[in-house]
Amino acid sequence: MSTIDKYKIGDIVTIKSHPLLHADTQKNSNFQFPPLLLVKKILLENEKKKLFSDEIKNTQIADNLKCICVYFSNKKSKFVEVHLYDAYLASYKDLKSIEEEGESNKSETNQNEEEDKSNKNEIYNFGGIVQLKTRKVKYKNQFKIGEKYKFLPFLSPNFVLTGVKKGEVTGGLFYHNGKPKRKVAKQFYKVMWFNHFQNKFSEEYLPEEFFIKPLVLAEKTELNEKPKD
């Protein structure tokens, strides 16, 4: 049985059928990539939950650990929430590169350090620009991947920080026996983006752990400044 400590809020995961988790990826290019997911909430089911079939002996039909995950759909320009059992999920760190079979995919070398060191109070800056953590994940030779494989990148836009609120806990965090029931975010950031699908600006509250360090706006140049030779 999985424990609630297996995941943290903001962890990046994907479904186990992701092509880059399997050796046959190089043999067949007719793939669509599923999105990388961010863990929004973690639920540990009650011990009384039925995990095995009554009809077929020793056949599992459910899991005791469930993750509520989120990804951004470019097609509809909105966040999509999915409920998935731990048995369906794998870490993004297990993704393989296309050219070097069997070697774990690596994002930018300092990504994990950046995530650990970034102070959440520094991330929130009213009117500041932020990105989802999944934007920092890079595939080796990703231009080649984009040409060879059919997939939706699920790339999210940049977001403007427009608000913050404390997380709300309903139903309690622990069972009567003292075992943890769920993990939830303690603080949420409200972000805004232009929704091209609905032709309007949209806003959403998401856990602070979803975001990486704010982007710095490009410096303005004088209109009459002559280009350098």
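Just the residues that are outside any strand (DSSP E or B) and under 16 Å from Y7 (Cα atoms), please, taken from region 72-89. It would help to see each step written out before you state the result.
Restricting attention to region 72-89, the residues satisfying the condition of being outside any strand (DSSP E or B) are 74-77, 86-88.
Passing the criteria: D86, A87, Y88.
Name the single residue that is nearest to L36 (Cα to Cα) among those in region 195-215 being surrounded by 15 or more Cβ atoms within 10 Å (Cβ to Cβ) and of a type in the set (A, V, I, L, M, F, W, C).
Taking the candidates together, the pick is F210.
Residues of region 185-203 being assigned to a strand (DSSP E or B) and of a type in the set (K, R), which ones?
K190, K200
Is it true that P153 is under 20 Å from D11 (Cα atoms), modelled with pLDDT of 75 or more and either among the β-branched types (V, I, T) or not in a helix (DSSP H, G or I) (or both)?
No, not satisfied.
Step by step: first the residues of region 69-116, then only those that are touching a Ser or Thr at 6+ places or on another chain (Cβ under 9 Å) and of a type in the set (D, E), then the one that is modelled with the lowest pLDDT. Which residue is that?
Restricting to residues being touching a Ser or Thr at 6+ places or on another chain (Cβ under 9 Å) and of a type in the set (D, E), the top hit is E101.
The values are calculated or read from the model by the stated rules, or taken from the named source; none is laboratory data. Worth saying up front: this structure is predicted, and the values here are computed from it rather than measured. Neighbour counts are summed over all protein chains in view; Cβ atoms, including those assigned to glycine, are modelled from backbone coordinates with ideal geometry.
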